[in-house]
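As structure tokens, the structure follows; a few thoughts come after it.
Taken together, the values in this text are just the output of simple stated rules run on the coordinates, not laboratory data. Keep in mind that this is a model prediction, so the values were computed, not measured. Counting neighbours? That spans all protein chains shown, and the Cβs are built from the backbone with ideal geometry, glycine included.
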Amino acid sequence: MMDNKQREPETSAVAMAGELRLLIGNLSRRLREQAQPGDYTWSQKSVILRLEREGPATVTTLAKAEGVRPQSMGATVATLEAAGMISGTPDPSDGRQTLLSLSERCREIIKAGRAAREDWLFHAISNHFAPHELEQLADAITLLKRLTES
């Protein structure tokens, strides 16, 4: 049987996990509010981010990566192409396929959105924390990085 001293760290970790989840959710919402990415669905945003991260891909490759049917991905891609966010070129290794990549316009929108979010975060940090708290925040960031590495 556990005594209170053995139970406290676990209870504290459970409470911190809940608080951290809520805090990260709130911070994510605040950051999303800072940039106007357009009215894109989650699946469209996911395709944009995948193309940015992994480079050009075919509809079939994107469909497999996103876990959807090629027909569904085709509809997502068509919407993004119509909006000027992605473009296609013939696949040099298989002319029957089209390689999709981000348009320059899309890259500019992504860059501007990230800059807006970083600017908001910079001002929020600068205006809400005293110098000694900035040191604590830096320490907390180091600890949070360890969470993402596990």
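Taking Rh as the Kirkwood radius computed over C-alpha pairs, what is the Stokes-Einstein D of segment 49-130 at 25 °C in a medium of viscosity 0.890 mPa s, expressed in µm² per second? Write out the running numbers ahead of the final one.
On the way: Rh = 14.5 Å.
Translational D for this selection: 169 µm²/s.
Over the chain, what portion of Cα pair distances is larger than 27 Å, expressed as a whole percent? Intermediate values should be presented prior to the final figure.
Working: 5134 of 11175 pairs.
Value for the chain (Cα pairs over 27 Å): 46 percent.
At 7 Å along Cα-to-Cβ for each site, give me the label-to-label distance between Glu104 and Arg21 in nm.
4.5 nm
Apply 1/(1 + (r/R0)^6) to the Cβ-Cβ distance of Ile141 and Glu52, taking R0 = 22 Å, and write down the FRET efficiency to the nearest 0.05. Before the final figure, lay out each step's value.
Working: r = 24 Å, r/R0 = 1.09.
Using R0 = 22 Å, I get an efficiency of 0.40.
Given an 8 Å cut-off on Cα distances and at least 6 residues of separation, report the relative contact order of the chain as a percent. Working shown, then result.
Numbers: 94 pairs, mean separation 33.5, N = 150.
It comes to 22 percent, rounded to a whole number.
Suppose every K and R has +1 on its Cβ and every D and E has -1 on its Cβ; what is the size of the dipole of segment 72-150 about the Cα centre, in Debye to the nearest 20? Let's see the in-between values first.
Working: 8 positive and 11 negative charges, 36 e Å.
About 180 debye.
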